[in-house]
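Please read the structure below before turning to the comments.
The values are calculated or read from the model by the stated rules, or taken from the named source; none is laboratory data. Please read these numbers as outputs of a predicted model, since none were measured by experiment. Positions of Cβ are backbone-derived with ideal geometry, glycine not excepted, and every protein chain shown enters the neighbour counts. Surface accessibility is based on the protein's heavy atoms, side chains included, excluding ligands, DNA and RNA. Shrake-Rupley method; radii C 1.70, N 1.55, O 1.52, S 1.80 Å.
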Amino acid sequence: MSRRYNRRSSRPLEDLPSLFEAPAPDDTPFAVAAGAGDDAADIPTACAASDDMVLDERYTGTAGSPRLMYMSFGSGSSGNCSYVGTGDCGILVDGGVDNNYVTERLLRCGIDMSTIHGILLTHDHADHVRYSYALLRRNPHMRLYATPRALEGLLRRHNLSRRIKDYHAPIYKEHEYRFGPLTVVPFETSHDGTDNAGYSITCGRTTLVVATDMGVVTPRADYYMRRATDLMIEANYDAAMLATGRYPEYLKSRIRSERGHMDNTATAAYLAEIHTPALRHIFLCHLSQDNNTPGIARETVAAALAARGIDVRDCPADLPAGAVYLHTLPRFEASDLYRL
């Protein structure tokens, strides 16, 4: 793909809070010390993953595939984590939200942590990994699914327990992995983490693609996003707000770079180009607290879609053919549980 839809300094990344923003205030729902209250747990032996591997034999796909569900527990530089699954079989994407909050919100929806296979890691920045060890230690049946390079980056950047390696199940981009009825394919994305990945997650005829923290849409990300029926995509900043905001110039340049973040206009133009009637739900994620608002992000994307005659709805129920539900994910709290 030749067109760029958007476009960071040599200063160590860990010198910045979550790279781009201030840390979450202490009154946010998941501003709890990582690992607080963790009890000792048996540490499982790391398991190897292979191409087309069935990662849990308890589940086998059936002719009538269950309905895929999606829920975000927080989206932004204060913490990122989401659930994708069927109720009986699920996976977390990233581990940047307090483990107690994640567990409690899932239980409210009737989903037990025993059904969660593990954490798919998109990259090694703090807002995506901060609570990953706490989640794994509290749930020793779970694994950390990450590329070997991403795990190395996590261990290099952060003061997490080195025992997290014992939970690691290596995965590789463009290889297919199965978690019961879920088929997962990691793919390349452009960001300044270590070996950044997006994920295509398919169950039956539904394919949710998770593409967060991107400076540009890579060719492989484009390939998978064009095949999505449901899409979680970054709309991080409004260009005018960033230009006139309080950030120093070196940080503004990093955010705008090809290994930084997507702005609203770039995301809107891309979505308007790739939209087909098969795309039913769009979740805008990782909105900047300082350089964006949910209203601006949604309005920018909705206008670009509407200019192409696309019916944009603000309610996911009873979507008519060709219409798309557009929603900005909450920064500090959980979203609804969506049945895709």
message: To the nearest 20 Debye, how big is the dipole of the range 229-286 about its Cα centre, given +1 on the beta carbon of each Lys and Arg and -1 on that of each Asp and Glu?
response: 180
statement: Going residue by residue through the range 333-340, the Karplus relation 6.51 cos²θ - 1.76 cosθ + 1.60 with θ = phi - 60° gives ³J(HN,Hα) values, rounded to whole Hz and with x marking Gly or Pro, of 9, 6, 7, 5, 8, 9, 9, 7
field: Tensor-based shape of the range 281-340 (alpha-carbon gyration tensor, a/c under 1.5 rounded, otherwise prolate or oblate)
entry: oblate
query: Cα gyration tensor of the range 181-255, axes a ≥ b ≥ c as square roots of the eigenvalues: rounded (a/c below 1.5), prolate (a/b > b/c) or oblate?
result: prolate
statement: Under 5 Å from the placed amide H of Glu176, counting only residues 5+ away or on other chains, we find Asp52
- request: Kindly rank 228-238, 319-329 from highest to lowest mean number of other beta carbons found within 10 Å of each residue.
  value: 228-238, 319-329
message: Would the range 223-262 count as rounded, prolate or oblate if I go by the C-alpha gyration tensor, calling it rounded below 1.5 in a/c and otherwise prolate when a/b exceeds b/c, oblate otherwise?
response: prolate
field: Percentage, to the nearest whole number, of Cα pairs in the range 159-223 over 14 Å apart
entry: 63
field: Net dipole in debye of the range 258-324 [+1 Lys, Arg Cβ; -1 Asp, Glu Cβ; about Cα centre; nearest 20]
entry: 140
- request: Could you work out, for the range 178-317, what percent of all Cα-Cα pairs fall into each 5 Å distance bin, beginning at 0 Å and stopping at the bin that holds the largest distance?
  value: 2, 10, 19, 22, 20, 14, 8, 4, 1, 0
statement: Given backbone amide H placed at 1.01 Å from N, residues whose amide H is under 5 Å from that of Leu120, ignoring those fewer than 5 places away on the same chain, are Leu92, Val93, Asp94, Tyr145
message: Tell me the per residue accessible area of the range 245-340 using a 1.4 Å probe; a whole number in Å² is fine.
response: 41
Placed amide H near Arg280: partners under 5 Å, 5+ positions off or other chain: Asp230
message: One quarter of the convex hull surface, Cα atoms only: what value does that give for the range 136-190 in nm²?
response: 4.6
In Hz, Karplus ³J(HN,Hα) per residue of the range 187-193 (6.51, -1.76, 1.60; θ = phi - 60°; x = Gly, Pro): 9, 6, 10, 10, 7, 9, x
